[in-house]
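S.K.: One structure, pasted below without further comment.
The values are calculated or read from the model by the stated rules, or taken from the named source; none is laboratory data. Source: prediction; values computed, not measured. Here Cβ is always computed from backbone atoms with ideal geometry, including for glycine, and neighbour counts include all displayed protein chains.
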């Protein structure tokens, strides 16, 4: 089992990145909470990892903190929740926001996330309530590590749309979300953040 990796960021296009570890390139997927805090290409970073073994592939997921990984792993234990959905949850709202949704039984907020229907949202609330109580320091789940604070993602609206599609949004919805918040001076990080925040505002 690969628990963590330290190396140089070789490539990144949300939510995918390539980490060069002593000449070996590891392809990783990361929630946007981690991706937004990656350093510039060529700089070093340490990431905690989770290896998912499927029939057709072995996929490594990367996280800035152990607590973020712990929440991801806890989500995987919920019936009907796979790695892609868990990644979308961590990308679509902070750990604190997710915790509040569970505690307040806020089904409406959860169904705004890609791929989550009402039954899945209700199952998340029921099954995660006790598990969240056992996870320590949830606020640290989205706090970048000291080695991962200096970067900005690549810029362009197409990168922002691609990132949202990779998280499970339909291409037309992703394009509409980005277009609705786009401004000339915004890079892809700002576009993705604004697009996701617009869905949060739409929940209230």
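S.K.: Consider residue 80 carefully, then state whether it is modelled with pLDDT of 90 or more, out of contact with any strand residue (DSSP E or B) (no Cβ under 6 Å at 6 or more places or on another chain) and at positive phi. Lay out the reasoning, then the answer.
M.R.: On the way: modelled with pLDDT of 90 or more: no; out of contact with any strand residue (DSSP E or B) (no Cβ under 6 Å at 6 or more places or on another chain): yes; at positive phi: yes.
The answer is no for residue 80.
S.K.: Select from segment 7-17 the residues that are out of contact with any strand residue (DSSP E or B) (no Cβ under 7 Å at 6 or more places or on another chain) and not in a loop (DSSP other than H, G, I, E, B) and write down the one among them that is nearest to residue 193 (Cα to Cα).
M.R.: Per the stated criteria, the residue is 13.
S.K.: Given the conditions (1) in contact with a helix residue (DSSP H, G or I) (Cβ under 7 Å, 6 or more places away or on another chain); (2) in the same structural domain as residue 20 (by TED's automatic domain parsing), and given that residue 55 satisfies all but one, which numbered condition is not satisfied?
M.R.: Evaluating residue 55 over (1) in contact with a helix residue (DSSP H, G or I) (Cβ under 7 Å, 6 or more places away or on another chain); (2) in the same structural domain as residue 20 (by TED's automatic domain parsing) leaves (1) as the failure.
S.K.: Would segment 41-57 turn up any residue that is surrounded by fewer than 17 Cβ atoms within 10 Å (Cβ to Cβ), in contact with a strand residue (DSSP E or B) (Cβ under 8 Å, 6 or more places away or on another chain) and part of a helix (DSSP H, G or I)?
M.R.: no
S.K.: Which of the residues belonging to segment 18-40 are in a strand (DSSP E or B) and either under 18 Å from the mean Cα position of the chain (by Cα) or in contact (Cβ under 8 Å) with a residue 24 or more places away in the chain (or both)? Can you show your working first?
M.R.: First, the residues of segment 18-40 that are in a strand (DSSP E or B): 18-21, 24-29.
Of everything in segment 18-40, those that are in a strand (DSSP E or B) and either under 18 Å from the mean Cα position of the chain (by Cα) or in contact (Cβ under 8 Å) with a residue 24 or more places away in the chain (or both) turn out to be 18, 19, 26, 27, 28, 29.
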